[in-house]
1. Checking the conditions here, which among Thr228, Thr298, Thr270, Thr244 is free of Cβ contacts under 8 Å to residues at least 24 places away in the same chain and of a type outside the set (A, V, I, L, M)?
2. Return the only residue of Leu188, Leu141, Leu180, Leu163 being touching a residue at least 24 places away in the same chain (Cβ under 8 Å), closer than 26 Å to Phe356 by Cα and out of contact with any Ser or Thr (no Cβ under 6 Å at 6 or more places or on another chain).
3. Can you find a residue in the range 236-254 that is in a strand (DSSP E or B), closer than 30 Å to Gly394 by Cα and not aromatic (Phe, Trp, Tyr)?
4. Is the range 226-235 home to any residue that is out of contact with any Asp or Glu (no Cβ under 8 Å at 6 or more places or on another chain), open to solvent by less than 50 Å² (accessible area, probe 1.4 Å) and closer than 30 Å to Gln281 by Cβ?
5. Given Asp253, Asp272, Asp278, Asp263, which one is over 27 Å from the mean Cα position of the chain (by Cα) and of a type in the set (Asp, Glu)?
6. Determine, yes or no, whether Arg165 is open to solvent by 40 Å² or more (accessible area, probe 1.4 Å) and within 30 Å of Gly339 (Cβ to Cβ).
7. Take Val286 and tell me if it is in contact (Cβ under 8 Å) with a residue 40 or more places away in the chain, out of contact with any helix residue (DSSP H, G or I) (no Cβ under 6 Å at 6 or more places or on another chain) and assigned to a loop (DSSP other than H, G, I, E, B).
8. Could you list, in sequence order, all residues of the range 40-59 that are modelled with pLDDT under 95 and surrounded by 19 or more Cβ atoms within 10 Å (Cβ to Cβ)?
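The values are calculated or read from the model by the stated rules, or taken from the named source; none is laboratory data. Keep in mind the model is a prediction, meaning the values are calculated, not measured. Cβ coordinates were reconstructed from backbone atoms using ideal geometry, including for glycine residues, and neighbour counts include every protein chain displayed. The accessibility values were calculated without ligands, DNA or RNA, using every heavy atom of the protein model including side chains. Shrake-Rupley method; radii C 1.70, N 1.55, O 1.52, S 1.80 Å.
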Amino acid sequence: MKTTDVLVIGGSAAGMVAAITGKSSYPEKKFTLVKKQKDVMVPCGIPYIFGTLGDSAKNIVPVDAMMAKNDIGSIVDEVILIDGKTKTAQLAGGDTIQFDKLIIATGSVPVKPKWLKGAEKENVFVIPKDKIYLDDMKQKLASCKRVAVIGAGFIGVEFSDELVRDGKEVILVEKESSILSLAFDVELSNRIQTKLEERGVNIITGNGVKEIVGGDKVTGVRLENGLTEKVDAVILSMGYQPNTALAAKSGIDIDESGFIAVDEYMRTHTPDVFAVGDCAQKRDFVTRRRVFTMLASTACAEARIAGMNLFNLHVIKTFSGTIAIYSTAIGDTGFGTAGVTEARALEEGIEVVTGFFEGVDRHPGNLPDAHKQLVKLVVARRSGIIIGGEVIGGLSAGELTNVIGLAIENRMSVNALLSSQIGTHPCLTASPAGYPLIKAAEIVAGKIASGKP
């Protein structure tokens, strides 16, 4: 029987960061990471294998090298059973590992709805974090000319753009009335949709898929309105579900949504067992409701909390909920969102004021790489606290989205933002006199002062 102080199950972002943070916090302890596959994909880079990168080998996280650099053992195997009482983990290869502390980071798996007739046909794909599957998928897609992508969340949008870049005709189908509806308010999602259409993606909204048609191999998708679109491949981008089969089999508590139940230290109900990443329970930072948010950024934050609290609880180092910070790009246009949208706030009964400003991300605006930059802020009216924000602009939009996320996490008021000092430069940022984030805050402050909606 092998022994270790800390056993980490899962080699993707959450497991890797938990192991490295834990080892940094407790260097005298022995850490061992078990990953199911030798090659671990960069999750957010998967769509780009099919266009920009062109090869899955260019999208691999150097997990083994990072573990070796931090003096952490790495094993390629699968944990098939955990015994919380004896503190042992049984591996598929036959070994057993005795541990003192355990971190479960088994991630998530793509959804293939059981109700979707024809989903088992050849050339119908999901999007797992599995190099072997993705390589086979890429090879089969090479001979396909017309592809339907079902689901217009971030991954569906990115996949569609990359496939068009690769020369394919793409139909992006979304049941909701707008793309990216969970992340952006409609006035911003409409702009993103226009940008995607300009790049050649055919978008169908307000109309879900009813059936995948064909013989053994797909020949089309039948939509809810009865129309059939002829395609020779279908990519299902319909979300992910937590990969908690191991935890459930091992008697570790699973909540009603299928996630491993955890507290703010990322501890499960089983003593000395933690869970982080997509498999672990989530709450929204603002609304406190259980949510299905699955992001590498959230996973890494949880992993750092778990790693720091393994042997000694740091009372101020807790995970207070996901802010749901997303960002991506279509060509040279970046867009991102953090916190709650205006629509979500209204659904939750939160009275809000919004500020919307469009400027330029360089000054002067005729610099060669200048790009329009649009910012929307969502602020709780009664307190003036920033609870959400959305950005469309150049490639700097991702970092500006992170700034909004920090403001939300630190419960910053719009007045505090107005008095904040910002650094600017003509080649790097918008003008200090017309900084879109500050100008949006000014609009909010004016509305609050005047009592306007």
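1. Working: Thr298 fails: free of Cβ contacts under 8 Å to residues at least 24 places away in the same chain; Thr270 fails: free of Cβ contacts under 8 Å to residues at least 24 places away in the same chain; Thr244 fails: free of Cβ contacts under 8 Å to residues at least 24 places away in the same chain.
That would be Thr228, the only listed residue that is free of Cβ contacts under 8 Å to residues at least 24 places away in the same chain and of a type outside the set (A, V, I, L, M).
2. The unique qualifying residue is Leu188.
3. yes
4. yes
5. Step by step, each of Asp253, Asp272, Asp278, Asp263 is checked, and only Asp272 is over 27 Å from the mean Cα position of the chain (by Cα) and of a type in the set (Asp, Glu).
6. Judged against the criteria, Arg165 is not a match.
7. Working: in contact (Cβ under 8 Å) with a residue 40 or more places away in the chain: yes; out of contact with any helix residue (DSSP H, G or I) (no Cβ under 6 Å at 6 or more places or on another chain): yes; assigned to a loop (DSSP other than H, G, I, E, B): yes.
Answer is yes for this residue.
8. Matches in the range 40-59: Pro43 only.
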